[in-house]
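Participant: Quick one: the structure is below, and I'll ask about it shortly.
The values are calculated or read from the model by the stated rules, or taken from the named source; none is laboratory data. Please read these numbers as outputs of a predicted model, since none were measured by experiment. Backbone-built Cβ (ideal geometry, glycine too); neighbour counts: all protein chains shown.
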Amino acid sequence: MRRQFFPNHDPRIITGVSGVVAKIPVTPGSEAESIIQRTPLRDGMIMAAKPGRAFYASRHILRSDQERLDEDFLWSNHRSYIYWVVNTSLADVQSMAEGQSPYTLSGDQLLRHACDLVNSFHPDILTLIRQSDPATAVWLDFNSGEPIEWETDNQITFLGDSIHGMTPFVGAGALLAIVDGWKLSKILANVVHDKVNLIDVIKQYEVEMRERTFPIMQRALERMYSLTDPNAAKKQI
Ligand SMILES: Cc1cc2nc3c(=O)[nH]c(=O)nc-3n(C[C@H](O)[C@H](O)[C@H](O)COP(=O)(O)OP(=O)(O)OC[C@H]3O[C@@H](n4cnc5c(N)ncnc54)[C@H](O)[C@@H]3O)c2cc1C
């Protein structure tokens, strides 16, 4: 039975863009290792797109003394790997899957679909997909939050994906979560040291956080749509 990694989200935030994600083990002398050395993965990541399709890959490479080859490749953070995503529209892939729901495809079937989706991309991209561990292949819906307002509360506030979950297409979600945490911890320290009013400083944090993050969340959504729009040939991405 396939493992359920990402249960369906709130239908109000489904974007209609989906895709396949998987991981490739990187071991000394492997094809994946030589692809890293001869492509921009050397510097961290690859992004390639044509109208309606987007491929993204990044690497997580450890020193040999950090590797724990006995750990489960699927979950371990102590294994070297390349992580990739192929994005397209849900309707597009459903039609390719000949009526079969993409959620029911096996890992091998998902990898074959991913190859079909990017079959005109650089051969190294197809090789990467074929080197993937099928057990790590997952069908994923790409969702985005939307800007909202709320009444400030002295018990609850928000940071990171809990309030500005965004598509990964500007690579900013993790950074913004860290900035939120930093800003929030500073104002909470001020409450203790300077005896300022808690609700006032939380309100100020929330106003600044919305201004800082919501435009980036919107930009990430637009970028995903532009990368997966089959009619976007002439648009700048
Ligand atoms: C495919 C993909 C690619 C991405 N690429 C990038 C990228 O290149 N650059 C980038 O900056 N960001 C990227 N992101 C986004 C980034 O991963 C997130 O923005 C970031 O992890 C958000 O951090 P967070 O701490 O807010 O939430 P999370 O990392 O989701 O942390 C929340 C934690 O809370 C735990 N939790 C949930 N519910 C409970 C509960 N009830 N009790 C206890 N614990 C609970 C969860 O298990 C989790 O560990 C990507 C995301 C995806 C999905």
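Participant: Please find, among THR228, THR213, THR167, the residue that is within 12 Å of the ligand (Cβ to nearest atom), in contact (Cβ under 8 Å) with a residue 12 or more places away in the chain, within 29 Å of SER18 (Cα to Cα) and in contact with a Ser or Thr (Cβ under 9 Å, 6 or more places away or on another chain). Working first, answer last.
Facilitator: Values: THR228 fails: within 12 Å of the ligand (Cβ to nearest atom); THR213 fails: in contact with a Ser or Thr (Cβ under 9 Å, 6 or more places away or on another chain).
Result of the check over THR228, THR213, THR167: THR167.
Participant: While we're here: When you look at SER144, is it surrounded by 13 or more Cβ atoms within 10 Å (Cβ to Cβ) and within 29 Å of GLN204 (Cβ to Cβ), yes or no?
Facilitator: Numbers: surrounded by 13 or more Cβ atoms within 10 Å (Cβ to Cβ): yes; within 29 Å of GLN204 (Cβ to Cβ): yes.
Spelling it out, SER144 is indeed surrounded by 13 or more Cβ atoms within 10 Å (Cβ to Cβ) and within 29 Å of GLN204 (Cβ to Cβ).
Participant: Among the candidates ILE199, ILE187, ILE178, which residue alone is over 30 Å from TYR56 (Cα atoms), of a type in the set (Val, Ile, Thr) and out of contact with any helix residue (DSSP H, G or I) (no Cβ under 9 Å at 6 or more places or on another chain)? Steps first, answer last, please.
Facilitator: Details: ILE187 fails: out of contact with any helix residue (DSSP H, G or I) (no Cβ under 9 Å at 6 or more places or on another chain); ILE178 fails: over 30 Å from TYR56 (Cα atoms).
Just one listed residue meets the conditions, ILE199.
Participant: Among the residues of region 66-85, is any touching a Gly at 6+ places or on another chain (Cβ under 9 Å), of a type in the set (A, V, I, L, M, F, W, C) and either away from the ligand (no atom under 15 Å from the Cβ) or assigned to a strand (DSSP E or B) (or both)? Spell out the reasoning first.
Facilitator: Our first condition is that a residue be touching a Gly at 6+ places or on another chain (Cβ under 9 Å); within region 66-85, this holds for 85.
Narrowing the set further to residues that are of a type in the set (A, V, I, L, M, F, W, C) leaves 85.
From what is left, the residues that are either away from the ligand (no atom under 15 Å from the Cβ) or assigned to a strand (DSSP E or B) (or both) are 85.
Yes.
One line per residue, one yes/no per condition, for (1) touching a Ser or Thr at 6+ places or on another chain (Cβ under 9 Å); (2) in the same structural domain as ALA22 (by TED's automatic domain parsing); (3) at pLDDT 90 or above; (4) among the basic types (Lys, Arg):
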residue: ARG68; (1), (2), (3), (4): yes, yes, yes, yes
residue: VAL86; (1), (2), (3), (4): no, yes, yes, no
residue: GLY99; (1), (2), (3), (4): no, yes, no, no
residue: LEU105; (1), (2), (3), (4): no, yes, no, no
residue: ASP108; (1), (2), (3), (4): no, yes, yes, no
residue: LEU111; (1), (2), (3), (4): yes, yes, yes, no
residue: LEU117; (1), (2), (3), (4): yes, yes, no, no
residue: ASP124; (1), (2), (3), (4): yes, yes, yes, no
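Participant: Okay, moving on. Only one of THR136, THR152, THR104, THR127 is more than 25 Å from GLU31 (Cβ to Cβ), in contact with a helix residue (DSSP H, G or I) (Cβ under 8 Å, 6 or more places away or on another chain) and of a type in the set (S, T, N, Q). Can you tell me which?
Facilitator: Working: THR136 fails: more than 25 Å from GLU31 (Cβ to Cβ); THR104 fails: in contact with a helix residue (DSSP H, G or I) (Cβ under 8 Å, 6 or more places away or on another chain); THR127 fails: more than 25 Å from GLU31 (Cβ to Cβ).
Result: THR152 is the single residue among THR136, THR152, THR104, THR127 that is more than 25 Å from GLU31 (Cβ to Cβ), in contact with a helix residue (DSSP H, G or I) (Cβ under 8 Å, 6 or more places away or on another chain) and of a type in the set (S, T, N, Q).
Residue-wise test of (1) closer than 30 Å to GLY52 by Cβ; (2) under 25 Å from the mean Cα position of the chain (by Cα).
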{"residue": "MET166", "(1), (2)": "yes, yes"}
{"residue": "LEU184", "(1), (2)": "no, yes"}
{"residue": "LEU188", "(1), (2)": "no, no"}
{"residue": "HIS193", "(1), (2)": "no, no"}
{"residue": "ASP200", "(1), (2)": "no, no"}
{"residue": "GLU206", "(1), (2)": "no, yes"}
{"residue": "GLU211", "(1), (2)": "no, yes"}
{"residue": "ILE216", "(1), (2)": "yes, yes"}
{"residue": "LEU227", "(1), (2)": "yes, yes"}
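Participant: Now, a different point. Please go through region 136-157 and pick out each residue that is of a type in the set (S, T, N, Q) and over 20 Å from GLY181 (Cα atoms). Give the derivation first.
Facilitator: Residues of region 136-157 that are of a type in the set (S, T, N, Q), as a first pass: 136, 143-144, 152, 154-155, 157.
Scanning region 136-157 gives THR136, ASN143, SER144.
Participant: Within region 135-144, is even one residue away from the ligand (no atom under 16 Å from the Cβ), more than 29 Å from ILE187 (Cβ to Cβ) and of a type outside the set (S, T, N, Q)? Before you say what the answer is, go through the steps one by one.
Facilitator: Of the residues in region 135-144, the ones away from the ligand (no atom under 16 Å from the Cβ) are 135.
Pick out the ones that are also more than 29 Å from ILE187 (Cβ to Cβ) and you get 135.
Next cut, of a type outside the set (S, T, N, Q) only: 135.
Checking region 135-144: at least one residue is away from the ligand (no atom under 16 Å from the Cβ), more than 29 Å from ILE187 (Cβ to Cβ) and of a type outside the set (S, T, N, Q).
Participant: To continue, here is another question. Is it the case that region 177-194 has a residue that's surrounded by fewer than 17 Cβ atoms within 10 Å (Cβ to Cβ), away from the ligand (no atom under 14 Å from the Cβ) and in contact (Cβ under 8 Å) with a residue 40 or more places away in the chain?
Facilitator: no
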